[in-house]
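Presented below is the structure to which this report refers.
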Amino acid sequence: MTTYQPDTSLFCNDYYENSLSFGNSIISTLKQIIADADKSLNNHFSEKKDIHALIYDRAWFIDQVLKKAWEYSTLNEVPSASLIAVGGYGRGELHPKSDIDVLILFDATEPESQQEPIEKFLTLLWDLNLNIGHSVRTITECKDEAEKDITITTNLTESRTISGNDDILYKMTSLTGPSFIWDSKSFFKAKWEEQQQRHRKFNNIEYNLEPNLKTSPGGLRDIQTIMWITKRQYGANSMNELVRLSVLNEEELDMLTRGQEFLWQVRYALHMIAGRPEDRLLFDHQRKIAELFGYQDNGHTLAVEQLMQKYYRTVLQLGELNDVIIQHFNETILLADEPDEVIEINERFQIRNNFIEIKDPSIFATEPSSMLEIFLLMAKTEGVEGARTKTIRELRNHRHLIDDNFRENPVNTSIFLALMKTKTQMVTQLWRMRKWGILGRYLPEFAGITGQMQHDLFHIYTVDAHTLQVIRNMRRFRFADNKDEFPLASRLIHEIPKVEVAYIAGLYHDIAKGRGGDHSVLGAVDARKFCEKHGLNKWDTDLICWLIENHLLMSMTAQRKDISDPEVIQEFAEKVQDKIHLDYLFLLTVADINATNPTLWNSWRASLMRQLYTETWRTLRRGLDHPINTQDYLKDREESVLELLFDKPYREQEIRELLAQLGQDYMFRNTPAEIAWHTEAILEHEDSSQPLIELMETTDREHEGGTEIFIYTKDEQHLFAVTASVIENLNLNIQDAQVIISENGFTVNSFIVLDDNGSPIGDNPLRIEEIKSSLIVALQDSSNYLELISRRTPRQLKQFKMPTQVIIHNDAIKQMTVIEVTAPDRPGILAMIGRVFVDFNVQIQNAKIATLGEKVDDLFYLTDNNNNPISDPDICTKLQESICKTLDEHTKN
């Protein structure tokens, strides 16, 4: 079995005795032996030797070290004491930095009488820097503790004697076996619940950005759970016995073995690279492992993305197997003594104890359409918890029959379309179809995105998992308990004429990712073929394709354009054309953002989406041929402000004069309520030589809006940089920024901020006072504002060091220079960009701030000191170069 054998001559008695004669030299000698063995094993791994041999040989080698330590402590002279390996080490498996779990087990002798040799034994192991986990117990104590704790029982289930009398272990395993504690049924129930709880921590999704090799769904712990249950029920000690016991067939055993081998290889490499016990596949480790395994970047995917796609597809297969085996155990252990309750559905299917099953094992071969029908029946039949083991196996065994003829069959297309229309359990069935390999067979284009990931912090799920999450989110909008978080979406989902149109658009919106080209356009082509094949009418087909082609339109408009500008709303409305398109697009966009990365959907984005929807709907009601008259719009806005301030002690003339000083651009970019608040604050501000700082929530809606920081002070070029620096140092995230210079030389700045949890500051007087006082101090003495940036770069962000990209162009309509900056996200980045603007003597008029995972995608509107666009090409080039150099140097630090 093994291909590597440690140098056993190092453990001969003469050598060992000589080592002892030098006193403490045993520590240095054994350390050197361990280091040599580590080096040899790791070299064998790099040479791609058998991973099983390496894992088992490392455990064998540590056995030899512990045996010598046991002798050194003189515990070998105590006949009632044994050294027992437990847990993974008890299975004879050991990765480079895995815990070495041991039990010092006593039969009759009390452990207290052997305190000195026990301490001598453990001290030596600690001095050798071994990752030792230990316990000291009698046989009776083992039984008592195991009875109380399923984890201890599990550890003791996997135990073997390293040194000492093996009869002691036999007595202990007998007393802790299913005849005395945790019988097979209770053990299975506990381990199944333990697995379900563990999976829930990962949202029951195998695909996470930085997965845990052990505990993520489809990981090594799932394999171990299967073996624990099998051993408890049948006394089996190896995977090969699963076939004999009819738990698996030969093909499934091969799949399980190959999956474990791959995960072992990744874990071994992870321990080598991390140099410590580590099971999280962190970004920095992913890249290094991909390189170690020989993956290389190609035209469409990075090396690390290829590695992770193999990982995701492996754990998906293992998750599929885990489902089958757990269901098998459920039937053979938990429900074995339960009376069968059988309910007939039709001539092909029936329900047995709440699980659907086929009546005839050959039904999928004789009537292949049944492979889709079963999912439709599970969706429509109340109380069905899943499928029975034999049914799942037969389904998997016959899925190869899903070919082009199957896909073109009108019976099958009508079944799948009916599934997309079901009111209950539709998403659950799509997840099952994906896990059991049916969805990718029926929709080959979906198979192309299975396990596909993007190596960034923006997309936290693979494309296939994200796609099904989008549909799940749209389903969530229907439920009352999500109404507070998604009020508009919860209303619109019940108003659209055909909800399945939204679901199909969600299914295909990212279907073409990873092919090269515009995935929105390519996805629409695939969607049109799907719609025509499934008999959708032309209107629904065109709507679905339009949604896919434009699924990024609404989020990009809300986040990157000034949606307070009527021209922006008019342009967006002309693309949308009518309320039906607007409603569907809003639903798809909100579901998409939340399925990409839940942290992206914060209260400010929610308010931007609502504002864009509301203003667009007003424009559509008014008619696209009747755009807003600018002068009438400004006049109405001014009158609205006067009305809001009617009962305040200000003269109408002074209000009008102040609004005139603030200018038309200011009036366009703020709501009447905001203008009234600003006006009142300015008129009440007594000392114009001191900065005016005020804070207000932008909305009273619970899950929407942000906190506006309003600043009114004498204009200075560095104000934006100073303010951004202070805000970032206060652990606040800037979502939007508005900079306007009034005719009297004052700057009117508004920053929309959220706290680190993505929420407004709220009614927190101490926090508000801290923000105000910090800004006042900084604005009064801004000479050291750069030193204010003290936030550390988070670990994940450090792994992304793409070069800064800067695009500069002039907006002829707005008469401003537009600068788009895309760079790795780092603390202090806005302040640094602001400092560059100061150096080039340009003014910020407006800014749209967007953080997308590991990168920022910011938009700045600038003018020169004469409020004109920057017209000199040389200055634009130097400005571009300076921003890139400044941010790239900051990224390296």
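Is region 663-674 home to any residue that is out of contact with any helix residue (DSSP H, G or I) (no Cβ under 8 Å at 6 or more places or on another chain), over 22 Å from Tyr861 (Cβ atoms) and open to solvent by 10 Å² or more (accessible area, probe 1.4 Å)?
No, region 663-674 contains no residue that is out of contact with any helix residue (DSSP H, G or I) (no Cβ under 8 Å at 6 or more places or on another chain), over 22 Å from Tyr861 (Cβ atoms) and open to solvent by 10 Å² or more (accessible area, probe 1.4 Å).
Looking at region 451-466, is at least one residue out of contact with any His (no Cβ under 7 Å at 6 or more places or on another chain), among the acidic types (Asp, Glu) and open to solvent by less than 50 Å² (accessible area, probe 1.4 Å)?
Taking every residue of region 451-466 in turn, at least one turns out to be out of contact with any His (no Cβ under 7 Å at 6 or more places or on another chain), among the acidic types (Asp, Glu) and open to solvent by less than 50 Å² (accessible area, probe 1.4 Å).
Here is a list: Ala512, Ala527, Ala558. Which entry is in contact with a helix residue (DSSP H, G or I) (Cβ under 8 Å, 6 or more places away or on another chain) and modelled with pLDDT of 95 or more?
Ala527
Among the listed residues Glu93, Glu77, which satisfies the condition of being of a type in the set (Asp, Glu) and under 19 Å from Glu278 (Cα atoms)?
Selected residue: Glu93, the only one of Glu93, Glu77 that is of a type in the set (Asp, Glu) and under 19 Å from Glu278 (Cα atoms).
I'd like to check which helices (runs of 4 or more DSSP H) are fully inside region 134-181 and have at least 2 residues that are out of contact with any Cys (no Cβ under 8 Å at 6 or more places or on another chain) and of a type in the set (Lys, Arg).
Result: 139-148.
Which pairs have Cβ atoms under 9 Å, sit 6 or more apart or on different chains, and link a residue in region 620-642 that is of a type in the set (A, V, I, L, M, F, W, C) to one that is modelled with pLDDT of 80 or more and surrounded by fewer than 12 Cβ atoms within 10 Å (Cβ to Cβ)?
Leu620/Asp578; Leu642/Glu652
Can you name every one of the strands (runs of 3 or more DSSP E) wholly within region 335-445 that holds 1 or more residues which are crowded, with 20+ Cβ neighbours inside 10 Å, modelled with pLDDT of 95 or more and not small (Gly, Ala, Ser)?
Result: 349-352, 355-358.
Tally the residues that are under 21 Å from Ile849 (Cβ atoms), of a type in the set (Val, Ile, Thr) and out of contact with any Gly (no Cβ under 7 Å at 6 or more places or on another chain), restricting the search to region 581-636.
Qualifying residue count, region 581-636: 4.
(1) touching a helix residue (DSSP H, G or I) at 6+ places or on another chain (Cβ under 6 Å); (2) within 22 Å of Asn731 (Cβ to Cβ): which one isn't true of Ile808, the others all being true?
So the condition that Ile808 fails would be (2).
Tally the residues that are open to solvent by 20 Å² or more (accessible area, probe 1.4 Å), farther than 22 Å from Gln559 by Cβ and part of a helix (DSSP H, G or I), restricting the search to region 711-753.
Selection size over region 711-753: 1.
Quickly run through region 833-885 and pick out the residues that are in contact (Cβ under 8 Å) with a residue 60 or more places away in the chain, open to solvent by 20 Å² or more (accessible area, probe 1.4 Å), out of contact with any strand residue (DSSP E or B) (no Cβ under 6 Å at 6 or more places or on another chain) and within 18 Å of His718 (Cβ to Cβ).
Across region 833-885, the qualifying residues are Arg835, Val838, Asn841.
Please give the number of the condition Ala274 fails out of (1) farther than 27 Å from Met378 by Cα; (2) without any contact (Cβ under 8 Å) to a residue 40 or more places away in the chain.
(2)
Please list, ordered by first then second residue, the pairs with beta carbon atoms under 8 Å, 6 or more apart or interchain, first in region 188-214 and of a type in the set (Gly, Ala, Ser), second part of a helix (DSSP H, G or I) and modelled with pLDDT of 85 or more.
Close Cβ pairs (under 8 Å, with a partner that is part of a helix (DSSP H, G or I) and modelled with pLDDT of 85 or more) amount to Ala190/Ile150.
Return the total of residues in region 42-58 being over 13 Å from Met272 (Cβ atoms), open to solvent by 40 Å² or more (accessible area, probe 1.4 Å) and outside any loop (DSSP other than H, G, I, E, B).
Qualifying residue count, region 42-58: 1.
Give region 468-483 a look and list any residue that's open to solvent by less than 30 Å² (accessible area, probe 1.4 Å) and touching a residue at least 60 places away in the same chain (Cβ under 8 Å), or say none.
Selection gives Gln469, Val470, Ile471, Asn473, Met474, Phe477.
Give me a count of the residues in region 501-536 that are within 22 Å of the chain's Cα centre (by Cα) and open to solvent by 40 Å² or more (accessible area, probe 1.4 Å).
Here the count works out to 1.
Out of the residues in region 610-633 that are at pLDDT below 85 and hydrophobic (A, V, I, L, M, F, W, C), state the one that is farthest from Ile563 (Cα to Cα).
Looking at residues that are at pLDDT below 85 and hydrophobic (A, V, I, L, M, F, W, C), I get Leu624.
Okay, residues lined up against (1) closer than 29 Å to Glu278 by Cα; (2) within 37 Å of the chain's Cα centre (by Cα); (3) open to solvent by less than 20 Å² (accessible area, probe 1.4 Å):
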| site | (1), (2), (3) |
| --- | --- |
| Phe106 | no, no, yes |
| Thr109 | no, no, no |
| Leu124 | yes, no, yes |
| Ile152 | yes, yes, no |
| Glu158 | yes, yes, yes |
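So that you can scan it fast, the table gives a plain yes or no per residue for (1) surrounded by fewer than 22 Cβ atoms within 10 Å (Cβ to Cβ); (2) within 40 Å of the chain's Cα centre (by Cα):
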site	(1), (2)
Ile569	no, yes
Val590	no, yes
Leu600	yes, yes
Thr616	no, yes
Arg622	yes, no
Ile628	yes, no
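Mind listing just one residue for me: the one in region 754-778 that is hydrophobic (A, V, I, L, M, F, W, C) and not in a loop (DSSP other than H, G, I, E, B) and, of those, farthest from Ser689 (Cα to Cα)?
Taking the candidates together, the pick is Leu754.
Among the residues of region 773-782, write down those that are under 17 Å from Thr747 (Cβ atoms) and either at pLDDT 90 or above or hydrophobic (A, V, I, L, M, F, W, C) (or both).
First, the residues of region 773-782 that are under 17 Å from Thr747 (Cβ atoms): 775-776, 778-780, 782.
Of everything in region 773-782, those that are under 17 Å from Thr747 (Cβ atoms) and either at pLDDT 90 or above or hydrophobic (A, V, I, L, M, F, W, C) (or both) turn out to be Leu775, Ile776, Ala778, Leu779.
Mind checking which pairs have a first residue in region 684-697 that is free of Cβ contacts under 8 Å to residues at least 60 places away in the same chain and within 15 Å of Asp715 (Cα to Cα) and a second that is part of a strand (DSSP E or B) and not hydrophobic (A, V, I, L, M, F, W, C), Cβ under 6 Å, 6 or more apart or different chains?
Pairs found: Leu692/Tyr712.
List pairs: first residue in region 239-260 and closer than 15 Å to Asp323 by Cβ, second residue open to solvent by 70 Å² or more (accessible area, probe 1.4 Å) anywhere in the structure, Cβ distance under 8 angstrom, at least six positions apart or on different chains.
Partner pairs satisfying both residue conditions: Met255/Gln317; Gly259/Gln317.
So, in region 499-528, how many residues would count as being closer than 23 Å to Asn473 by Cα, without any contact (Cβ under 8 Å) to a residue 24 or more places away in the chain and assigned to a loop (DSSP other than H, G, I, E, B)?
So the answer is 0.
With the requirement that a residue be assigned to a helix (DSSP H, G or I), open to solvent by less than 60 Å² (accessible area, probe 1.4 Å) and over 13 Å from Gly92 (Cα atoms), what does region 59-76 give you?
In the first step, residues of region 59-76 are kept if they are assigned to a helix (DSSP H, G or I); the result is 59-73, 75-76.
Retained after the next criterion (residues that are open to solvent by less than 60 Å² (accessible area, probe 1.4 Å)): 59, 61-66, 68-70, 72-73, 75.
Answer for region 59-76, where residues must be assigned to a helix (DSSP H, G or I), open to solvent by less than 60 Å² (accessible area, probe 1.4 Å) and over 13 Å from Gly92 (Cα atoms): Val65, Leu66, Lys68, Ala69, Trp70, Tyr72, Ser73, Leu75.
The values are calculated or read from the model by the stated rules, or taken from the named source; none is laboratory data. Fair warning: this is a prediction, and the values are worked out from it, not measured in the lab. Counting neighbours? That spans all protein chains shown, and the Cβs are built from the backbone with ideal geometry, glycine included. The area values use the complete protein model at the heavy-atom level, side chains included, leaving out ligands, DNA and RNA. Shrake-Rupley method; radii C 1.70, N 1.55, O 1.52, S 1.80 Å.
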